[in-house]
Amino acid sequence: MNNASPLLTIESLNHEGRGVAHREDGKTVFVDGAITGETVRYSVYRKKDHYEMAQMLEVVRPSFMRVEPRCPHFGVCGGCSLQHLDPGAQIAAKQRVLEDNLAHIGKVHPAAMLAPIHGPVWGYRTRARLSVRLVEKKGGVLVGFHERKNSFIADMTSCAVLPPRISALIPALREFVKRLSIRTQLPQIEVVATDKVDALVIRHMTALSTEDEALLREFADRHRIQWWLQAKGPDTITPFYPLDAPELAYTLPEYDIVMPFQPSEFTQVNTEVNPVLMRRAMQLLDPQAHERIIDMFCGLGNFTLPIARRAGHVVGVEGSKELVARARRNAARNGIVNTEFLVANLFEITSETLDALGSFDKMLIDPPRDGAYALVNALHDNAPNRIVYVSCNPATLARDAAVLVHQKGYRLHSAGIANMFPHTAHVESIALFLRD
């Protein structure tokens, strides 16, 4: 090791899981793979005016929180970024990311921090998009996640965060794709694992041959999976074999709900944490039998239908007409009649279009990463006094919290994280806003 390499002491982790330090001249350095409290040697690979990106060369003084990664591909594969950090410390780091974003971006502070929600840290990921590429010099076909910091596909034979039965399929898929005539026209295989069936969606840029179809059937029978085909966009995804496989669905037993879905429709990847997050949301929302409640960005009804089990009437609003149709079918499937679902672009909603939806006692907001800036700005005096906000991006939650607290008269009662994606820097969170 080159002892002339500079030393840094890591002060914290940023929202991407990189170590944050400051040089003597005050410039910020983000160090890949470094942990809070460590002293490391580093090498800069990108320089900007106000910060630098660096690769860690050596841990001179390790943190007590450093652990041995379980996956042999960690450090090369870009699927995980925090396997070297103790799982409990990962949760603490994510909670700090949430608190820092709320304080620095939103200039808000929750009156109480909620206990973190967590579940299994290995084998939890029931959905994944595996890239596929023929690379002769690496021995044939690669199937897996992209490498860190580039577009190459990692040379993987297993994945510790996928369910073990799915992880075990990776070598078989590599050999299988090599046998297909379309192996150079197959960019990805999407995995959807459920309790009753595991579905693999093959994205093919050209038509399958009769021999290819026979190979798909053979693979499905041998490995007990179901193939779906995708010729173009998500709307072209159709089941291929076997056609009598159980439907794709997840359950919310606490509310006696079964949620069928298509592979192209958004569902949470962590089916162990989702029901616990659901319970937390219901506790914070506290729906009552006489209340009218609105669920914004409702998707296929993940929150809408459980709320409807306890509320008087629930309206779900979503921008995708396909998801709204799915939500309506799911309500009917579960015998829930006190719901209605509407299509609306919530990224362009105004006070006038919000008023047209009627008045509501409470609101749940569960937006994508872009957040709900237009929606929170559209709220005014007759808006619900209780809002539960479920977020997959603490920065946009903090931005929207600033509007709710500093402009709309709400107070941030409580907030906390849900460790939906262990070993990654992804932060899922939930917050309760109240207005007197």
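Every residue, every condition in (1) assigned to a loop (DSSP other than H, G, I, E, B); (2) free of Cβ contacts under 8 Å to residues at least 12 places away in the same chain; (3) closer than 30 Å to residue 20 by Cα, yes or no:
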position	(1), (2), (3)
353	no, no, no
360	yes, no, no
367	yes, no, yes
381	yes, yes, no
384	yes, no, no
390	no, no, yes
414	no, no, yes
420	yes, no, yes
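Any idea which residue in the stretch 281-338 is farthest from residue 112 (Cα to Cα), counting only those that are charged (D, E, K, R) and part of a loop (DSSP other than H, G, I, E, B)? The selected residue is 309.
Residues in the stretch 345-382 that are touching a Ser or Thr at 6+ places or on another chain (Cβ under 8 Å) and modelled with pLDDT under 95: 380, 382.
Being part of a loop (DSSP other than H, G, I, E, B) and not small (Gly, Ala, Ser) is the filter; apply it to the stretch 422-436 and report the residue that is modelled with the lowest pLDDT. So, considering only residues that are part of a loop (DSSP other than H, G, I, E, B) and not small (Gly, Ala, Ser), the one modelled with the lowest pLDDT is 436. Taking each residue of the stretch 250-270 that is closer than 15 Å to residue 190 by Cα and looking for partners that are hydroxyl-bearing (Ser, Thr, Tyr) with beta-carbon atoms closer than 8 Å, six or more apart or interchain, yields 261/250; 261/267; 267/250; 269/124; 269/126. Has the stretch 261-277 got any residue that is over 20 Å from residue 163 (Cα atoms), under 21 Å from the mean Cα position of the chain (by Cα) and in a helix (DSSP H, G or I)? There is at least one residue in the stretch 261-277 that is over 20 Å from residue 163 (Cα atoms), under 21 Å from the mean Cα position of the chain (by Cα) and in a helix (DSSP H, G or I). Would the stretch 197-206 turn up any residue that is over 27 Å from residue 251 (Cα atoms), at pLDDT 95 or above and in a strand (DSSP E or B)? The answer is yes, given that some residue of the stretch 197-206 is over 27 Å from residue 251 (Cα atoms), at pLDDT 95 or above and in a strand (DSSP E or B).
A residue that is closer than 29 Å to residue 272 by Cα and touching a helix residue (DSSP H, G or I) at 6+ places or on another chain (Cβ under 8 Å) can be found somewhere in the stretch 372-380. Those helices (runs of 4 or more DSSP H) of the stretch 80-189 in which 2 or more residues are in the same structural domain as residue 264 (by TED's automatic domain parsing), touching a residue at least 40 places away in the same chain (Cβ under 8 Å) and among the aliphatic types (A, V, I, L, M) occupy 87-104.
Is the stretch 221-231 home to any residue that is crowded, with 17+ Cβ neighbours inside 10 Å, assigned by TED's automatic domain parsing to the domain that holds residue 376 and β-branched (Val, Ile, Thr)? No, the stretch 221-231 contains no residue that is crowded, with 17+ Cβ neighbours inside 10 Å, assigned by TED's automatic domain parsing to the domain that holds residue 376 and β-branched (Val, Ile, Thr). When 328, 292, 333 are screened for being of a type outside the set (Phe, Trp, Tyr), free of Cβ contacts under 8 Å to residues at least 60 places away in the same chain and surrounded by fewer than 20 Cβ atoms within 10 Å (Cβ to Cβ), only 328 passes.
For the stretch 409-427, a residue qualifies if it is hydrophobic (A, V, I, L, M, F, W, C), under 16 Å from the mean Cα position of the chain (by Cα) and either farther than 30 Å from residue 161 by Cα or crowded, with 21+ Cβ neighbours inside 10 Å (or both), and the qualifying residues are 417, 418, 420, 421, 427.
Before we move on, is residue 91 under 27 Å from residue 167 (Cα atoms) and in contact with a His (Cβ under 8 Å, 6 or more places away or on another chain)? So residue 91 fits the description; yes.
Go through (1) at pLDDT 95 or above; (2) not in a helix (DSSP H, G or I) one by one and return the number of the condition residue 214 breaks. The failed condition is (2). When you check residue 244 against the structure, is it surrounded by fewer than 18 Cβ atoms within 10 Å (Cβ to Cβ), free of Cβ contacts under 8 Å to residues at least 12 places away in the same chain and among the charged types (D, E, K, R), yes or no? The answer is yes for residue 244.
To keep it simple, each residue is scored yes or no on (1) more than 25 Å from residue 177 (Cα to Cα); (2) within 19 Å of the chain's Cα centre (by Cα); (3) of a type in the set (Gly, Ala, Ser).
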{"position": "121", "(1), (2), (3)": "yes, yes, no"}
{"position": "124", "(1), (2), (3)": "yes, yes, no"}
{"position": "129", "(1), (2), (3)": "no, yes, no"}
{"position": "133", "(1), (2), (3)": "no, no, no"}
{"position": "136", "(1), (2), (3)": "no, no, no"}
{"position": "143", "(1), (2), (3)": "no, no, no"}
{"position": "149", "(1), (2), (3)": "yes, no, no"}
{"position": "155", "(1), (2), (3)": "no, no, no"}
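When the stretch 139-196 is filtered for residues that are surrounded by fewer than 16 Cβ atoms within 10 Å (Cβ to Cβ), more than 21 Å from residue 239 (Cβ to Cβ) and basic (Lys, Arg), the ones remaining, listed by number, are 149, 178, 179.
The values are calculated or read from the model by the stated rules, or taken from the named source; none is laboratory data. The structure presented is a predicted model; accordingly, all values stated were derived computationally and were not measured. Every residue, glycine among them, receives a Cβ derived from its backbone with ideal geometry; neighbour counts consider all protein chains shown.
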